[in-house]
Every structure is written in C-alpha cells, then in structure tokens.
1. Given Cβ point charges of +1 (Lys, Arg) and -1 (Asp, Glu) and nothing else, what value in debye, to the nearest 20, does the dipole of the stretch 147-294 about its Cα centre take?
2. At R0 = 41 Å, how high is the FRET efficiency between residue 381 and residue 169 if r is their beta carbon distance? Nearest 0.05 is fine.
3. Of the options 270, 347, 321, report the single residue whose Cα projects farthest towards the positive end of the charge dipole of the stretch 246-378 (beta-carbon charges: Lys, Arg +1; Asp, Glu -1).
4. Tell me, what is a quarter of the convex hull surface for the C-alpha atoms of the stretch 338-394, in nm² with one decimal?
5. Using only Cα atoms and rounding to the nearest 10 degrees, what angle (0 to 90) does helix 342-351 make with the longest principal axis of the chain?
6. Would you list which lysines come within 26 Å of residue 78, measuring only between C-alpha atoms, while excluding same-chain residues fewer than 8 positions from it?
7. Within the stretch 212-251, what whole-number % of the accessible surface is contributed by carbon and sulfur, with the 1.4 Å probe and all protein chains included in the calculation?
8. Go ahead and set up a Gaussian network model of the chain, Cα springs under 10 Å, then flag whichever of 232, 182, 64 fluctuates most.
Amino acid sequence: MVSERMLGLGTARSVIRELFEYGKQRSAVVGPEHIYDFSLGNPSVPAPPQINETAIRLLQTEPSTVLHGYTSAQGDDKARQTIAEDLNRRYGTSYTKNELYMTVGAAAALCCCFHGLTCPGDEFIVSAPYFPEYKVFIEGAGAAMKLIQPHQDSFQLDIDALAAAIGPHTKGLVLNSPNNPSGVIYSEETLRAAAQVLTEKAQEYGHPIYLISDEPYREIVFDGWSLPWLPSIYPDTLVCYSFSKSLSLPGERIGYVLVPQQVTDQAQVYAAVAGAGRSLGYVNAPSLFQRVAASCCHLTSDISIYERNAQLLVTSLREMGYQCIQPQGAFYLFLKTLEPDDKAFSLRARDLDLLLVPGCGFGSPGWVRLAFCVQTEMIQRALPKFQELADSYR
Ligand code: PLP
C-alpha cells in the first residue's frame, strides 16, 4: 500500500508537462521547426556570464570540503548577508541574514511557509489565475485552498471578493505578482486596499493573517510598470523568492524565504519555516549555488528579450482579432479562447502544432496561457498558425 494522494500526484502529470512531453514526441515526427511550444516557463535567455565565472572562481579557489559541504540548515551566513544587503540597497530596508532562509527554489520556499504556518483547520486564500502547484503545496501542508476570482476585465485582485473570503480560519493570502499566468502586476492601490482588508480582518479575528508573496518574477517587469515592495505595505508579509527566472537558473533550485523582523511573532515564524524545512528534508539548499546566486543577486539575465516577445505577440494577435491581457511582467500571455471551452480550444490549437495551456488549470476557464520565454523567431513562425486558428472559428 502507498499513499493514495502521493500516488495520484506521482502518476498524473500536470497539463503543462503533458503538453511539453507531447511537443517533444511530435517534434521527433514533424521536426522541431514545425512545433510551436508555448507550454513551459523555462527561461529562454542564458544566465548572465557572471554566473559561470563566479561558479568557476569558487570551484577553483574555495576548499572543496567547504564549498561542497553542508552549510547551516538555514543557508550560508555570507550568502544570506549578501542577499539581505542587496534587498536593503533596493528597498531601503535593514534586513540581516537572520531573516533569510535559503531554499530549493520558490517551490520549497512556499512549502516551508505553508507547512510552517498551518494549524489544523487553516485556510489560505489564492486569487485566480494561479500557479497550479499552490493547491498541491497548500493541501500537502494540511491546509485548505480557498479560491477567489479576480476582476475579469483587468485580472487585478478583487478586494471585495478577498474581504468576503476571509474567515476565522484564514491563515494567509497568497499573492503572485508579476503573475503567472496573466502577466499582471498588482497595482500599489490594489495592494494597499488588500493590506487594509487584511489588517482589519486580523483585528476582527484576533490573529495575524499572513501575506505570502510569491515573487519568482520580481525582476521581470516591463517598461512603464513598477512593482511595489510588499513588506513595506503590509508588515505581516513573508516573501518567497527564486533565482530560477531572473537569473535563468531553474535547474539549480535556489531561492529563499524572507521573514522580516516586523512580522508578528517573527522569531516563531522564522523558526517554524526552518522547522518545516527540516521536516520536509529540505535543509541546506544547494551549497555552490547559494554562493553563486548571492554573488550575482544584483544581476538579471537579458529580460529585454521577454518584453520584445510580449510586444510582438500582443500586437500580432490583437491584429488577428484575439483578446489578451497586456503582460506587465513575467513571461506569460493570457489569451481569451475563441470558444468557451479552453480545453477544446487548446486541442484545436494542438492540431496546428501550437501548444497552449488551457486556463482551467489556473482557475480561469475561457483562457489559455502562452509562455513566451521562447526564441523570437519561433513566435514569428507561429503567427500564421495563430491566424489559421482564428480563421477556423470564422
Ligand atoms: N511560483 C510561481 C508563480 C512559478 O511560476 C514557479 C515556477 O514556474 C514557482 C513558484 C516555482 O519556482 P521554482 O522553480 O523556483 O521552484
């Protein structure tokens, strides 16, 4: 006998992975140049050269037993201090290494927060459209996920829906901005309104309501948009960060949780996050890449390519009559499907070798997600296929 839940998770591939695998098989038949794969959020621009240079320097200069040895459970002291100082420079804060817990990417950062915070009966509120793994992570921690819908015109957080969803068992709200899959950045006005609701409800129910800010796309913000620093808007914010996207290092699995000093019961919360890391077997994020990421945390890969791809797609698809949400950051475009059933639309697109992820898996049926972290030239080649897809509905 094995755990039914784990068996289910291990055997059912996510829709995104399903499409990606389909793309690989199909590409072997028709050739990679005839597959237009917009399924996976795998950065398409190389990591900055300083990443490899730093790794090589460390490998050549640091004693092997130190570099490849265990760090403290919460991460290497110097790496955490360097990251804290970088945040301080950018946000005018005064964080120290003691507020940072290094993790195996944002996925582990989120799991540490959910496991660390959850008491029996707790709920976390998530706004659609959302990263599908949230449900897996939240339920894995023994909590329940409560889904709310955003404003359907802008995909901004709906403050009234948030207020209505909060109850005595609400432990936290999960926000992801820039958002996967909508590409939307929550405006400062929206975030301040959300903070006010959280503050009032925390007072009403007599316990803190934490904001879990999932920020793997924090650096990928397009011209004209800016991203407010959430802990300065709402003190009970825990930040989950990842170097996967900004530095194009998804396979190196490196990120962190920031539990700022101002968080209610900070010492307890930080210790519970660390305890969750221990319980989940996550202690000691990859040692070499803690150091590499910390040394390069002020850099990003060339994100201008994503913005160019976004513009090309938005302009071209709108000309063809599609409706889409203008991406303000991250590397995803949310496209309204030309029929109500997004799965059927995705299948029809797949028949043209366009791989688009149905929105229902993100909690937003009637939309598909395009990951545009791809070669610009592939987008150009895909445009006639999008035209063919639109024509097939006329
Ligand atoms: N959160 C969001 C919104 C994501 O899109 C992803 C990955 O795509 C993650 C978390 C997980 O990131 P990581 O690769 O750092 O675990």
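The values are calculated or read from the model by the stated rules, or taken from the named source; none is laboratory data. Quick caveat, the model's predicted, so the values are computed rather than measured. Glycine also receives a Cβ, built like all others from the backbone with ideal geometry; neighbour counts cover every protein chain displayed. These accessible areas exclude ligands, DNA and RNA; they are computed on the full protein's heavy atoms, side chains included. Shrake-Rupley method; radii C 1.70, N 1.55, O 1.52, S 1.80 Å.
1. My answer is approximately 640 debye.
2. 0.25
3. 270
4. Its Cα hull, projected and averaged over all orientations, spans 3.8 nm².
5. Taking Cα atoms only, the helix is inclined about 60 degrees.
6. Residue 78 reaches 97, 245.
7. For the stretch 212-251, the apolar C and S fraction of the accessible surface comes to 50 percent.
8. 64
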